[in-house]
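A.B. asks: Here it is, the structure in full.
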Amino acid sequence: MGGWLPGLNGRSPLRIGVVGAGFIGVVHAQAARRAGASIVGVAASTPSSTKEAVEVLGAERAFADGESLVTSSDIDVVHICTPNQLHAPLAELAIAAGKHVICEKPLALDLLSATDLRSSAERAGIVATVPFVYRFYPLVREIRARVAAGSRPLRLIHGTYLQDWLSTEEDDNWRVDAAFAGPSRAFADIGSHWCDLVEFVTGDRLAAVCAELVIALPERRTSGGHVHAFSSGTESGGTPRVVTTEDVAIVMFRTVAGVRGSVVISQISSGRKNRLFLEITDAEATMAFDQEQPETLWIGRRRTSEIVQRDPAYLDPAAAPYARVPPGHPQGYQDCFDAFVADSYRAIEAGSADVVDGLPTFADGVRAALITEAVLRSASSHRWEDVDPSSEPNQMEGRP
Ligand SMILES: NC(=O)c1ccc[n+]([C@@H]2O[C@H](COP(=O)([O-])OP(=O)(O)OC[C@H]3O[C@@H](n4cnc5c(N)ncnc54)[C@H](O)[C@@H]3O)[C@@H](O)[C@H]2O)c1
């Protein structure tokens, strides 16, 4: 990351369009504007919600639907921010029209569609990224740099990603419906972020998983109107409907390098809003990062422990540029998103995602789909399952 305004570096601003204008569509639009892009248009689910979105996003015009936006001749970059079932079809259309694509996770409802999407993007030679934005916390980059520079192998990786916004029967959202969200809910939605972060900071890969999925609320009561993510539920009453996707995922894993670990993923953990917590241990030290306290990194040692603050003067050169404001002036989630979008646009202007270190691409979206499928397989077989059964056996093969 070499600056915050790639669209203003002597070139005309990138022209972008946003499909879907709920929680994350607004976050994308704010990041796009800060990166110097011009927001040509938006498409939401109905004419009235699109009209409202034009105002909220400060877009130039409304599009009748997502399909017309992603193929429009005056748009360079498409941001896909809809419910999950629309990601793959809209992204395929956008790629066929020669657009660069920033597509929300999960890339598709199944592994095959995600893989096809990555192939289409590669063939078209466009830049295609996925917002695994927790990579963009400066202290996450710091952990990554320290792991890369360290000589001691990791011994343990564990953590959680806990939320509470789906913890009552009245909490309803399109994510609860497998037709919109896919066969995995909590794991595909937020577990994918945690696994991406682990693979990103360690440079290692999950090789096999042993998973248990829990549907804690087998029935929810829908009033017909879906609430947005992270808002409170609908009023009581409504029509009961059977829930088929998990509220909780408990996953043990081993990595290609042979490190063992576990993670608990939940959308029903009362009081936990967005607690993505990650802890990695080597022979001498433990590093712990909490997304809700992203300005500090805990490094524990047997004799003494320390708190590393987000001060660019003392961060690794790979982490320091992501510190946007001076230490003591907190930065957070939207800043991560701004940095991710700025880096995506930088890749677009350079003509390749390879020129930007740490940019999450469709290949990372496919990794998430692979891991999610392995978790689903393991939960149904009650056995350890390889993440990528088609790859070479890993060194721990046969040692569950
Ligand atoms: N990367 C991240 O950190 C992150 C965070 C939150 C959500 N997400 C992803 O973003 C996506 C959207 O999530 P959200 O929380 O914003 O959901 P949301 O319910 O708040 O918003 C979804 C939006 O899509 C619109 N929409 C529905 N059908 C549409 C259609 N046919 N055409 C155009 N627009 C349509 C809705 O009107 C709504 O505005 C999901 O795939 C989710 O996984 C990613």
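A.B. asks: Taking all protein chains in place and a 1.4 Å probe, what share, in percent, of the accessible surface of the chain do carbon and sulfur account for?
C.D. replies: Carbon plus sulfur share of accessible area: 52 percent.
A.B. asks: Calculate the all-directions average of the projected area of the stretch 252-400's alpha-carbon convex hull, and give it in nm².
C.D. replies: For the stretch 252-400, the mean projected area of the Cα convex hull comes to 12.6 nm².
A.B. asks: Using the alpha-carbon centroid of each, what span in Å lies between the stretch 233-289 and the stretch 350-383?
C.D. replies: Centre-to-centre distance over Cα atoms comes out at 17 Å.
A.B. asks: Next question, about the same structure. When only alpha-carbon atoms are used, what values of Rg and Dmax, in angstrom, describe the stretch 1-129?
C.D. replies: My reading of the Cα-based Rg and Dmax gives 13.9, 41 Å.
A.B. asks: Using a Gaussian network model of the chain with C-alpha springs under 10 Å, which one of Val77, Val26, Val42 is most mobile by mean-square fluctuation?
C.D. replies: Val26
A.B. asks: Residues of the chain: accessible area per residue at 1.4 Å, in Å²?
C.D. replies: Solvent-accessible surface per residue comes out at 42 Å².
A.B. asks: Which three extents, in whole angstrom, do the alpha-carbon atoms of the stretch 236-324 cover along their principal axes, largest first?
C.D. replies: 56, 36, 26
A.B. asks: What's the Kirkwood radius of the stretch 138-225 in Å, using all Cα pairs?
C.D. replies: Computed over Cα pairs of the stretch 138-225, the Kirkwood hydrodynamic radius comes out at 15.8 Å.
A.B. asks: Using just the helices of the chain, give the 222 nm mean residue ellipticity in deg cm²/dmol: DSSP H runs with n ≥ 4 each add -39,500 (n - 2.57), and the total is spread over all residues, rounded to 500.
C.D. replies: Only helices count here, giving -9000 deg cm²/dmol.
A.B. asks: Loop sites only, by DSSP: take the GluC sites (Glu not before Pro) in the chain that have at most 14 other C-beta atoms within 10 Å and name the longest stretch containing none of them.
C.D. replies: So the longest stretch without any such site is 61-234.
A.B. asks: Sticking with this one: Tell me, what is a quarter of the convex hull surface for the C-alpha atoms of the stretch 293-348, in nm² with one decimal?
C.D. replies: 4.7 nm²
A.B. asks: Tell me the Kirkwood hydrodynamic radius of the stretch 330-379 in angstroms, computed as one over the mean inverse distance between distinct C-alpha pairs.
C.D. replies: 12.7 Å
A.B. asks: If you scale each eigenvalue of the Cα gyration tensor by 5 and take the root, what three semi-axes come out for the chain, rounded to whole angstrom and sorted largest first?
C.D. replies: Square roots of five times the eigenvalues give 31, 27, 21 Å.
A.B. asks: For the stretch 304-368, which chymotrypsin sites (Phe, Trp or Tyr not before Pro) are in a loop by DSSP, counting at most 13 other Cβ atoms within 10 Å?
C.D. replies: Tyr314
A.B. asks: Hey, another quick one. Per residue of the stretch 315-330, what does 6.51 cos²θ - 1.76 cosθ + 1.60 with θ = phi - 60° give for ³J(HN,Hα)? Whole Hz please, x for Gly and Pro, Karplus curve as stated.
C.D. replies: With the stated coefficients, the stretch 315-330 comes to 7, 4, x, 7, 9, 3, x, 7, 7, 8, 10, x, x, x, 10, x Hz.
A.B. asks: Which length gain, in nm to one decimal place, applies between Glu349 and Trp298 when the Cα-Cα distance is subtracted from 0.36 nm times their residue separation?
C.D. replies: That works out to 14.7 nm of additional length.
The values are calculated or read from the model by the stated rules, or taken from the named source; none is laboratory data. Small disclaimer: the values here were computed from a predicted structure and weren't measured. FYI the Cβ positions are ideal-geometry reconstructions off the backbone, even for glycines, and counts take in every protein chain you see. For accessibility, only protein heavy atoms count, side chains too; no ligands or nucleic acids. Shrake-Rupley method; radii C 1.70, N 1.55, O 1.52, S 1.80 Å.
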